[in-house]
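Derivation of every value follows stated rules applied to the coordinates shown; laboratory data play no part. All values derive from a computational prediction rather than experimental measurement. Cβ sites come from the backbone with ideal geometry, for glycine too, and all protein chains shown count toward neighbours.
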Amino acid sequence: MIDRKLKVKICMVGDSAVGKTSLIKKFVLDMFDDSYITTIGTKITKRTINILDEKTSMDIMIWDIMGQASFRSLLQDAYFYGAHGVLAVIDSTRPDTLEGIHEWVQSVRHVVGDVPMVFVSNKCDLKHSMTMEMLGKELDMYKCRYMFGSAKTGENVSEAFKLLGEAVIDRYFPEMKS
């Protein structure tokens, strides 16, 4: 029986075509589709997970945004407002998306401050040259977890959302851990 229920807003960030929508589909529906359809505007999806123990559930409202920088600058205030955490997505096959993630982090922090973040280098099932050392060099400054993942195989998808959920609890609901 669920005793405690949390509702949190999580924003997905990252450049266009890094796999934000695919990660959401894998996490929420356990589905993967190779076809690429550009997200237009914002889409909100929900999944409830048990977290910490079987008596605590978390409704995760996942906000998926269009990856184009011009769109980000237009709607960032409305999109990020009220976010409890961020899943920042990089494409393992495109190193420029690792460099570009810093602008996304700045946009988030401009609106909501230093919220919990988890970074996922998606598409690790494909041939790529990124290493954990490369991720660390770019991302250690944020003092957040980062990992390789794959929306196609499911590698680290649930883990990334669960880690982010735990970080949100640590930040906003620390009394729940006792």
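Would you kindly state the longest site-free stretch of the chain, with sites defined as trypsin sites (Lys or Arg not before Pro) in a DSSP loop (not H, G, I, E, B) surrounded by at most 15 other Cβ atoms within 10 Å? That would be 56-126.
Between ARG94 and LYS177, the modelled labels are 3.6 nm apart [label points 7 Å from Cα along Cα→Cβ]. Against the compact-protein benchmark of 2.2 N^0.38 Å, the Cα-based radius of gyration of the stretch 4-172 scales to 0.95. When shorter helices are ignored and each DSSP H run of at least 4 residues is given -39500 (n - 2.57), the per-residue value for the chain at 222 nm works out to -11000 deg cm²/dmol. Placing unit charges on the Cβ atoms of the charged side chains and taking the dipole of the chain about its Cα centre, the candidate lying farthest along the positive direction among HIS110, LEU135, THR56 is THR56. Annotation: amide H-H contacts under 5 Å for TYR146 (H modelled 1.01 Å from N, sequence separation of 5 or more, or interchain): PHE119. The modelled label-to-label distance for the pair MET31/THR48, using points 7 Å beyond Cα in the direction of Cβ, is 2.1 nm. Farthest towards the positive end of the charge dipole of the stretch 49-173, among the residues LEU98, ILE169, SER150, is the Cα of LEU98, using unit charges on the Cβ of Lys, Arg, Asp and Glu.
Rounded to the nearest Hz, the phi-derived 3J(HN,Hα) couplings of the stretch 148-155 under the Karplus curve 6.51 cos²θ - 1.76 cosθ + 1.60 (θ = phi - 60°) are 8, x, 8, 5, 6, 8, x, 4, where x marks glycine and proline. Within the chain, the longest segment free of exposed loop sites, counting chymotrypsin sites (Phe, Trp or Tyr not before Pro) that fall outside DSSP classes H, G, I, E and B and have at most 13 other Cβ atoms within 10 Å, spans 82-178.
If R0 is taken as 22 Å, the Cβ-Cβ distance between ASP114 and ALA78 corresponds to a FRET efficiency of 0.65.
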